[in-house]
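Student: Encoded as structure tokens, here's the structure I'll be asking about.
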């Protein structure tokens, strides 16, 4: 009877382990499957196409070039490798219909493509942005631009994130990656020394009474919802930064870093402190017996001994900083531009996903781009934890355990 | 010379040592024996002030090293510990290389002269009879050594800072017989240059290595005498009983 019970418990444990693993794997697979769909999407908004005059030798345009053309930042085809011809931007709109009579266009606008073709034929420098159903197919002097796919290089190298731009949405992820790294990096730069300092204090210097009060208090901090931290940041830190540094707005990367640092602190402190506590008393005694003072013992024995735990603390802290959404969303100002200083608004990857997923049409390129952002976030944290693993492995090999 | 005068020691309310007075001479090996919990380790640890690391302890009486009370305010405890080396029950090398383990005491003392450190490490390892076994792998982690080698490394580590006294708290209790005999041989050799106080569970070991033996029971020093006399013809009945195994 007892044996059967044991078998059942064993089975249950195995099953729960297997299920967890499978679910995690499935999430990753789902993330990448959705995200990679982005590279199947066309450059130009769905249902539309771009047409040029046949004299134009430009065959294909990148999303960024399209954007520059329609923003009139590029005004000559020569810059895109075409003939020396001024670019004439043509957006199809209802007002175009007004210049023709109903007879000319036909009852169901069946002659509209022909008229559009005429316009294109007559303007060598034209680029026309048309709904697909009106595209002038097989007409003399009209060439429909090849429908390019969004490329990985456009995605990773692009410096503009304007997913709702027409005719070509901009999925340049660089400002978001840099925003995330920027905010996280400074958060860690603030939180790490502070957190390790507190961990050392708690583990080695604080009295028993102090420890008994401080440790649960710090652990409690880890449980505060991030939106509360964000609120605190918005009300206290943002105005402080604005006044303190005389900035036009206080919602900056710096505000995000401070909030993230505060949020990462409890994790870093508790994990690092636990690691230091595991240093055997014999190790401390050996050091002190050799005439080392307290500080020498801490940095020459206790920190090296607990380095794997400390690096775990660092990784968890970084993980928290990189993945944190709500608080950052509230205090960083959410401008998707490449940051040049700490005192500019930035936007992080998680904040982008949270803010935009609701308005992105399911299955569209914007939606897929957001999933791709999730993949990038996943890869960043993966790299962080793998490098921490390698560091702590090297250290513990030196330790021999 | 090490001296204890009317030493009482308390862990909280528990009195671990009761009115102990004794003198340990230079260049001798003094062994403390007695059943577990008799206070012999506590007594040993008084002389490099290791008991201070434990919260809620209290000491009365005097502990003198070379005539100086080591508990008076003017004593710098780190300086004191540089003069009094200690070897612990379990080998406790640092998570560092063999070389760095031995160099540790010098480094924390602020010695920067690389040549001197190298020389001192070699001398210490030679003195601890470990040099031949580790001279080709000084850069390797100390944890790659066997238990017995680790313990000799810990002895070398204690020797490197040139103490005059070495306290050993059951240094061979975690080791196999061969390693134990190596440590015992080492104690014989080290006696020439150092004053050694050793706590041991093993009475044969006390008989083999020590010149004088103190027998502790329930926090009191029952008998303190020449080792020879102690084991052949003890003065107290409790000692007789313990040594012959009728008690303890």
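The values are calculated or read from the model by the stated rules, or taken from the named source; none is laboratory data. Here the structure is a predicted model, which means the values were calculated and not measured. Cβ sites come from the backbone with ideal geometry, for glycine too, and all protein chains shown count toward neighbours.
Student: Condition check: in contact (Cβ under 8 Å) with a residue 60 or more places away in the chain and more than 27 Å from residue B:130 (Cβ to Cβ). Does residue B:66 satisfy that?
Tutor: Judged against the criteria, residue B:66 is a match.
Student: Something else: Going by the structure shown, is residue B:216 without any contact (Cβ under 8 Å) to a residue 60 or more places away in the chain and either touching a helix residue (DSSP H, G or I) at 6+ places or on another chain (Cβ under 7 Å) or under 13 Å from residue B:171 (Cβ atoms) (or both)?
Tutor: no
Student: Filter the stretch A:226-239 down to residues that are touching a residue at least 60 places away in the same chain (Cβ under 8 Å) and surrounded by fewer than 17 Cβ atoms within 10 Å (Cβ to Cβ), then give me how many there are.
Tutor: Residues in the stretch A:226-239 being touching a residue at least 60 places away in the same chain (Cβ under 8 Å) and surrounded by fewer than 17 Cβ atoms within 10 Å (Cβ to Cβ): 2 in total.
Student: A further question follows. If residue A:51 satisfies every condition in (1) within 18 Å of residue A:132 (Cβ to Cβ); (2) under 40 Å from the mean Cα position of the chain (by Cα); (3) assigned to a loop (DSSP other than H, G, I, E, B) but one, which is the exception?
Tutor: Unmet condition: (3).
Student: Looking only at residues that are in a loop (DSSP other than H, G, I, E, B) and more than 14 Å from chain A (Cβ to nearest Cβ) in the stretch B:161-182, which one is surrounded by the most Cβ atoms within 10 Å (Cβ to Cβ)?
Tutor: In this case the residue turns out to be B:172.
Student: Step by step: first the residues of the stretch A:358-395, then only those that are within 14 Å of chain B (Cβ to nearest Cβ) and surrounded by fewer than 17 Cβ atoms within 10 Å (Cβ to Cβ), then the one that is modelled with the highest pLDDT. Which residue is that?
Tutor: Among them, the one singled out is A:393.
Student: Would you confirm whether any residue within the stretch A:315-332 is away from every other protein chain (no Cβ under 14 Å), touching a strand residue (DSSP E or B) at 6+ places or on another chain (Cβ under 8 Å) and not in a helix (DSSP H, G or I)?
Tutor: yes
Student: What's the total number of residues in the stretch A:15-54 that are more than 18 Å from residue A:378 (Cα to Cα) and touching a residue at least 24 places away in the same chain (Cβ under 8 Å)?
Tutor: Going through the stretch A:15-54 one residue at a time, the tally reaches 16.
Student: Same structure again: Any residue at all in the stretch B:63-74 that is farther than 21 Å from residue B:151 by Cα, at pLDDT below 90 and either part of a strand (DSSP E or B) or in contact with a helix residue (DSSP H, G or I) (Cβ under 8 Å, 6 or more places away or on another chain) (or both)?
Tutor: Yes.
Student: Ok, one more. Does residue B:211 qualify as being modelled with pLDDT of 90 or more, more than 19 Å from residue B:35 (Cα to Cα), surrounded by fewer than 16 Cβ atoms within 10 Å (Cβ to Cβ) and touching a strand residue (DSSP E or B) at 6+ places or on another chain (Cβ under 9 Å)?
Tutor: Answer is no for this residue.
Student: Checking residue B:86 against (1) farther than 22 Å from residue A:305 by Cα; (2) within 9 Å of chain A (Cβ to nearest Cβ): exactly one of these is not met. Which one?
Tutor: It is condition (1) that residue B:86 fails.
Student: Return only the number of the condition from (1) modelled with pLDDT of 90 or more; (2) more than 14 Å from chain B (Cβ to nearest Cβ) that residue A:248 does not satisfy.
Tutor: Against the list (1) modelled with pLDDT of 90 or more; (2) more than 14 Å from chain B (Cβ to nearest Cβ), residue A:248 comes up short only on (1).
Student: Quick one: count up the residues across the stretch A:129-174 that are exposed (fewer than 14 other Cβ atoms within 10 Å of the Cβ) and under 28 Å from residue A:253 (Cβ atoms).
Tutor: 4
Student: Considering only residues that are outside any helix (DSSP H, G or I) and at pLDDT below 85, look in the stretch A:126-141 and name the one that is nearest to residue A:374 (Cα to Cα).
Tutor: Going through the qualifying residues, I end up with A:135.
Student: Please verify whether residue A:310 is farther than 30 Å from residue B:165 by Cβ and within 14 Å of chain B (Cβ to nearest Cβ), treating the condition exactly as stated.
Tutor: yes
Student: Test residue A:177 against the criterion of being buried (at least 22 other Cβ atoms within 10 Å of the Cβ), closer than 30 Å to residue A:353 by Cα and within 22 Å of the chain's Cα centre (by Cα), and give yes or no.
Tutor: No; evaluated as a whole, the condition is false for this residue.
Student: Okay, next question. Is at least one residue of the stretch A:257-274 within 30 Å of residue B:154 (Cβ to Cβ), more than 23 Å from the chain's Cα centre (by Cα), within 14 Å of chain B (Cβ to nearest Cβ) and modelled with pLDDT of 90 or more?
Tutor: Checked against the condition, which is being within 30 Å of residue B:154 (Cβ to Cβ), more than 23 Å from the chain's Cα centre (by Cα), within 14 Å of chain B (Cβ to nearest Cβ) and modelled with pLDDT of 90 or more, the stretch A:257-274 yields no hits at all.
Student: Further, regarding this structure: Need the failing condition index for residue A:147 against (1) under 30 Å from residue A:341 (Cβ atoms); (2) part of a loop (DSSP other than H, G, I, E, B), just the number.
Tutor: It is condition (1) that residue A:147 fails.
Student: Are any residues in the stretch A:277-297 surrounded by 18 or more Cβ atoms within 10 Å (Cβ to Cβ) and either within 38 Å of the chain's Cα centre (by Cα) or not in a helix (DSSP H, G or I) (or both), and if so, which ones?
Tutor: Answer for the stretch A:277-297, where residues must be surrounded by 18 or more Cβ atoms within 10 Å (Cβ to Cβ) and either within 38 Å of the chain's Cα centre (by Cα) or not in a helix (DSSP H, G or I) (or both): A:279, A:290, A:291, A:292.
Student: Also, I was wondering about something else. Considering only residues that are farther than 24 Å from residue B:227 by Cβ and in a loop (DSSP other than H, G, I, E, B), look in the stretch B:22-62 and name the one that is farthest from the chain's Cα centre (by Cα).
Tutor: B:56
Student: Given the structure, is residue B:59 within 14 Å of chain A (Cβ to nearest Cβ) and farther than 30 Å from residue B:132 by Cα?
Tutor: In short, no.
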